[in-house]
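A short write-up of the structure that comes next.
Just so it is clear, none of the values below were taken in a lab; they were calculated from the coordinates. Keep in mind that this is a model prediction, so the values were computed, not measured. Don't worry about glycine lacking a Cβ; one is built from the backbone with ideal geometry, like all the others, and counts go over all protein chains shown.
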């Protein structure tokens, strides 16, 4: 599991972000902590984590284009 710093404006957006990231191929699970502005991500075995996170960010930006993930 890896932890990433996130930038999101509201708790509702954070929840939507979590759902979008969870649906990304290569991610087994994700949990967003809005108060700490952190996201824990568990990857499926053998994936290119950086590539998966780029896709996760694209998916999250479909929800809110101001979302950032520091990876």
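For the residues 42, 19, the requirement of being exposed (fewer than 13 other Cβ atoms within 10 Å of the Cβ) and at negative phi singles out 42. Could you tell me which residue of segment 1-16 is surrounded by the fewest Cβ atoms within 10 Å (Cβ to Cβ), considering only residues that are within 11 Å of the chain's Cα centre (by Cα) and not in a strand (DSSP E or B)? Looking at residues that are within 11 Å of the chain's Cα centre (by Cα) and not in a strand (DSSP E or B), I get 15.
Report whether or not residue 49 is surrounded by 13 or more Cβ atoms within 10 Å (Cβ to Cβ) and closer than 12 Å to residue 7 by Cβ. Break it down stepwise before answering.
Numbers: surrounded by 13 or more Cβ atoms within 10 Å (Cβ to Cβ): yes; closer than 12 Å to residue 7 by Cβ: no.
No; evaluated as a whole, the condition is false for this residue.
If I filter segment 53-68 for residues that are touching a residue at least 40 places away in the same chain (Cβ under 8 Å), surrounded by 14 or more Cβ atoms within 10 Å (Cβ to Cβ), part of a strand (DSSP E or B) and touching a helix residue (DSSP H, G or I) at 6+ places or on another chain (Cβ under 7 Å), do I get at least one hit? Within segment 53-68 (the criterion being touching a residue at least 40 places away in the same chain (Cβ under 8 Å), surrounded by 14 or more Cβ atoms within 10 Å (Cβ to Cβ), part of a strand (DSSP E or B) and touching a helix residue (DSSP H, G or I) at 6+ places or on another chain (Cβ under 7 Å)), the answer is no, since none of the residues qualifies.
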